[in-house]
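The values are calculated or read from the model by the stated rules, or taken from the named source; none is laboratory data. Everything quoted here is computed from the prediction, not taken from an experiment. Ideal geometry is used to build each Cβ from the backbone, glycine not excepted, and the neighbour counts take in all protein chains shown. Side chains included, ligands, DNA and RNA excluded: accessible areas come from the protein's heavy atoms. Shrake-Rupley method; radii C 1.70, N 1.55, O 1.52, S 1.80 Å.
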Amino acid sequence: MRVPYLDFSRAAAAEADALAAAFGRVHASGRYVLGPEVEAFEGAFAAFAGAAHGVGCANGTDAITLALRALDVGEGDDVLTVSMTCAPTATGILNAGARPVFVEVDPRTLTLDPARLPAALTPRTRAIVPVHLYGRPAAMDEIASFARAHRLALVEDCAQAHGARFAGKSVGTFGDAATWSFYPTKNLGALGDGGLVTTSRDDVAERVRRLRMYGYATRNDALEPGFNSRLDELQAAFLSERLLRLPEANRRRAALAALYDDRLRGAVETPPPAAAGAVPCHHLYVVRVAERDAVRKRLSSAGIGTDVHYPRAVHEQPAFASFPRGPLPETERAAREVLSLPLYPEMSEAEVGAVARALADAVRR
Ligand SMILES: Cc1ncc(COP(=O)(O)O)c(C=O)c1O
């Protein structure tokens, strides 16, 4: 059985009418950027994420930049984050004018290890950007209390965590703001790019709104230098439709992930059980294997698509090699070993079984 790593075409028929109606609504309205569809989606997504405000923007990278700038983090400031993430986490920090400082991850959860925060502090540290990698919540209780104790801004990178929860609350509600990506592969994806900042601080919401559109306080009146980072009406309309089905899609992901856990037990290192109080949203199903690249090739020959998130840690990439960091052996080891298996709501149980069998074979050889 061939199993593609991702297959958007499987969801297409079921949502075709709803998305066509969304297109028709926007087309007929004559409003294409930052209009009523964006406002409606901002409200609906903020409610989903347990925040008072949602402010749409162009993508998840800009969301990080806008949130940091709205919290007065920029030139001359250091931001503690992880290297075990996608490059845009660091790009978003850099685009705000600040400097990323890479902190080691917990080897089990692959999220920021709070025990490493004290040693990573610099006199310039102003903020922390933890990442809920693969949809697994970072240890937000400890991270948030460290941020409070040291008066640091806290911006959660929730790009992979739509629907993940920690200590009974949505991720993204533990700090000053949270940032979201609606890149098509995310649990909630657009038909293109999109991003959003959630916050329960009125001042932060107002400033992100200003910064996303040229720094305008009112039309044609820029109060401060800003950006052009807007969400358009079409994407917002599509996202509103897809948001309705997100909880069910996340439940299906959880069921398929549990099936993988069961079928792969003893064959490879499966994702660790969620920490106490953490509810992941199963964005990616990531196992760890030695000789990952060889295993991946064998799976490909067997017709099984896989991916790697991410083959090089951020600090191992030339653009980010010069930024401060302590030793990151766990991050570097993970980058060599992680392997993402197909996981999407439209997969069948038989496909999960086929992937698990092929993987068990591939690691035995
Ligand atoms: C952890 C993480 N942060 C930030 C981003 C950036 O989002 P975008 O691609 O929408 O800019 C992504 C996704 O690409 C991501 O996975």
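What nm value, rounded to one decimal, do you get for the distance between Ser200 and Glu39 when each label is placed 7 Å out toward the C-beta?
Result: 2.5 nm between the two label points.
Heavy atoms only, 1.4 Å probe, whole protein assembly: order Arg230, Arg251 by accessible area, highest first.
From most exposed to least exposed: Arg251, Arg230.
Which of these, Met140, Met347, Met84, has the largest mean-square fluctuation under a Gaussian network model of the chain (Cα springs below 10 Å)?
Looking only at Met140, Met347, Met84, the largest GNM fluctuation is found for Met347.
Where a ≥ b ≥ c are the square roots of the eigenvalues of the C-alpha gyration tensor, would you call region 42-89 rounded, which needs a/c under 1.5, or, failing that, prolate if a/b is larger than b/c, or oblate?
Here region 42-89 falls in the prolate category.
Which of rounded, prolate, oblate describes region 128-267, given a ≥ b ≥ c as roots of the alpha-carbon gyration tensor eigenvalues and a/c under 1.5 marking rounded, otherwise prolate only if a/b is larger than b/c? All intermediate terms of the calculation are to be shown ahead of the outcome.
On the way: a/c = 2.89, a/b = 1.42, b/c = 2.04.
In terms of gyration-tensor shape, oblate.
Among Asp261, Asp77, Asp221, which one shows the biggest mean-square fluctuation in a GNM of the chain, springs joining Cα atoms closer than 10 Å?
For the chain, modelled as a Gaussian network with Cα springs under 10 Å, the answer is Asp221.
How much of the accessible area of the chain, in percent, comes from carbon and sulfur atoms when a 1.4 Å probe is used?
So the carbon and sulfur contribution to the accessible surface is 52 percent.
Only Cα pairs within less than 10 Å get springs; with that Gaussian network setup on the chain, which residue of Thr91, Thr122, Thr199 has the largest fluctuation?
Per the Cα network of the chain with a 10 Å cutoff, Thr122 tops the list.
Note down the nm distance, to one decimal, between modelled labels 7 Å out along Cα→Cβ at Ala18 and at Met1.
2.6
Ranked highest first by average number of other Cβ atoms within 10 Å, how do 23-29, 11-17, 166-172, 254-260 line up? Don't jump to the answer; show the numbers that get you there.
Details: 23-29: 13.3, 11-17: 11.4, 166-172: 21.3, 254-260: 17.9.
Peptide ranking by packing, descending: 166-172, 254-260, 23-29, 11-17.
Could you tally the net charge around Ala144, taking each other residue with its Cβ under 12 Å from the Cβ of Ala144, Lys/Arg +1 and Asp/Glu -1?
Taking every Cβ under 12 Å from that of Ala144, the sum is -2.
By what distance, in whole Å, do the Cα atoms of the chain stretch along each of the three principal axes, largest value first?
Projected onto the principal axes, the Cα atoms of the chain cover 65, 54, 37 Å.
Please identify the helices of the chain, taking whole runs of DSSP H, that span at least 20 Å along their own axis as judged from the Cα atoms and have a mean Kyte-Doolittle score of 0.0 or higher.
9-29, 349-364
Rounded to the nearest 500, what is the chain's calculated 222 nm mean residue ellipticity when only DSSP H runs of at least 4 contribute -39500 (n - 2.57) each, over all residues?
Working: 11 runs with 145 residues, N = 365.
Using -39500 (n - 2.57) per qualifying helix, the result is -12500 deg cm²/dmol.
With a 1.4 Å probe and every protein chain left in place, work out the accessible area per residue of region 189-242 in Å², rounded to a whole number.
46
Rounded, prolate or oblate: which fits region 271-360 when a ≥ b ≥ c are the square roots of the eigenvalues of the alpha-carbon gyration tensor, with rounded for a/c under 1.5 and prolate only if a/b beats b/c?
oblate
Excluding ligands and nucleic acids, what accessible area in Å² is computed for Glu248 using a 1.4 Å probe, to the nearest 10?
Accessible area, nearest 10 Å²: 120 Å².
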